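Scroll down for the structure; my scribbles are underneath it.
The values are calculated or read from the model by the stated rules, or taken from the named source; none is laboratory data. As the structure is a prediction and not an experimental result, all values here were calculated from the model. Using ideal geometry, Cβ is built from the backbone for each residue, glycine included, and neighbour counts are taken over all protein chains shown.
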Amino acid sequence: MENGILLTASEERRMKATVTTLVVPCFNEAERLECDAFIDFANRHSDIRFLFVDDGSSDQTLQTLVQLRRRAPRDRVEVLSLDRNRGKGEAVRIGMLHALKPLSHARVDREASSVPSTAMGFLGYFDADLATPLDEIPRLIEVGRRRKDVAVVVGSRMRLQGRFIDRTPLRRLCGHVFALMASILLGTRIRDTQCGAKLFRVDSRLRQILAEPFMSRWLFDVELLARLTLPPISDLRQASRFSEPTATTLFEYPLDRWDEVAGSKLRLSTFLLAPLELLRIAAMYRLGVRSPFERETVPEPTILSFPPMETDFIAEQENSSAPASRPVVPKLRKSA
């Protein structure tokens with residue numbers, strides 16, 4: 001098209017030859033994790049990879065994830081384990097940074113896919129409880145593949161005719177109020193910032209956007225979108241010097257279905273503190289003012305990496321008499 005928004009035929013072919021990686025943060029999800037659903041989806045989509053991040057769980061989440069990786073098609077599931085609980089935002093950020101490492105997405109099943117080993121077109125995150133069904137993922141990807149101006153595709157739980165969106169009235173009301181406040185912060189109308197299904201185009205600035213830990217433990221979605229659209233004042237000059245043109249559009253995609261799942265980690269206090277958290281984010285990304293209550297710097301996490309196709313851990317665990325709460329993992333490298 002004349003405005004250059006839609007991809008040309010050659011650009012579309014190149015985009016279809018890319019891999020999408022989705023980070024799935026997990027904290028005490030052993031009872032809720034639908035392993036069969038993830039495995040079935042992985043069998044049907046050779047161009048989509050899952051990177052599960054165990055956020056210091058105290059139950060059997062890590063063991064469940066490692067077994068899931070063992071059962072999944074080769075090269076489509078990877079597992080990271082953080083040394084302690086750091087919050088959903090940090091689990092997502094650490095997982096996305098890990099996925100951006102050159103070798104992290106270079107393992108591709110060459111018998112099942114012709115995808116080039118280094119071509120990752122999209123990187124995002126997806127809630128482990130599958131409140132957003134997995135079949136929504138290809139629809140989100142398709143938006144990015146058709147529109148080269150789109151930097152991020154945001155799943156939106158809008159109650160439109162023909163859609164099946166199951167949210168309690170209280171959560172729906174809180175969501176509307178929060179979206180209004182977030183829209184004012186971001187300077188653009190957005191209906192749903194907190195849906196756990198987001199997809200980012202992999203370009204020159206994504207690693208830079210993810211470089212620093214988030215200020216907010218639970219409102220990291222808004223903070224991440226603020227980093228994408230509103231760089232801190234002190235970084236504006238640097239942010240304008242990216243080496244290549246980058247997409248800028250935020251695209252809200254109305255989901256066909258969303259089902260509220262019992263067992264959410266969110267508490268009433270999270271909603272009550274949300275306005276204060278938004279003010280802190282606004283002060284930082286609108287005015288360049290760092291909050292005196294900003295989260296203190298913490299040491300870099302110790303990460304146990306369980307890449308695809310490595311089975312040493314499985315064998316060691318099956319022959320080990322060590323307690324199952326936090327596994328002993330010999331023969332596995334630690335990565336920063």
Exercise. Determine the pairs where a residue that is more than 19 Å from LEU62 (Cα to Cα), located within region 26-45, has a partner that is in a helix (DSSP H, G or I) and among the acidic types (Asp, Glu) with Cβ atoms under 9 Å apart, the partner being 6 or more residues away or on another chain.
Key: PHE41/ASP135
Quiz item: Across region 1-37, what is the total count of residues that are at pLDDT below 95 and hydroxyl-bearing (Ser, Thr, Tyr)?
Solution: 3
Quiz item: For region 38-50, which residues satisfy the criterion of being in a helix (DSSP H, G or I) and either over 14 Å from LEU65 (Cβ atoms) or modelled with pLDDT under 95 (or both)?
Solution: ASP40, PHE41, ASN43, ARG44
Exercise. Scan (1) surrounded by fewer than 24 Cβ atoms within 10 Å (Cβ to Cβ); (2) not in a helix (DSSP H, G or I) for the single condition SER81 breaks and write down its number.
Key: (1)
Quiz item: For region 131-174, what are the residues that are within 20 Å of PHE52 (Cα to Cα) and either modelled with pLDDT under 90 or in contact with a helix residue (DSSP H, G or I) (Cβ under 6 Å, 6 or more places away or on another chain) (or both)?
Solution: LEU134
Exercise. Can you give me the number of residues within region 113-130 that are at pLDDT below 90 and either surrounded by fewer than 18 Cβ atoms within 10 Å (Cβ to Cβ) or part of a strand (DSSP E or B) (or both)?
Key: 7
Quiz item: If the Cβ limit is 7 Å and pairs must be 6+ apart or interchain, which residue in region 124-139 that is farther than 20 Å from GLY95 by Cα pairs with which residue that is surrounded by fewer than 19 Cβ atoms within 10 Å (Cβ to Cβ) and of a type in the set (S, T, N, Q)?
Solution: none
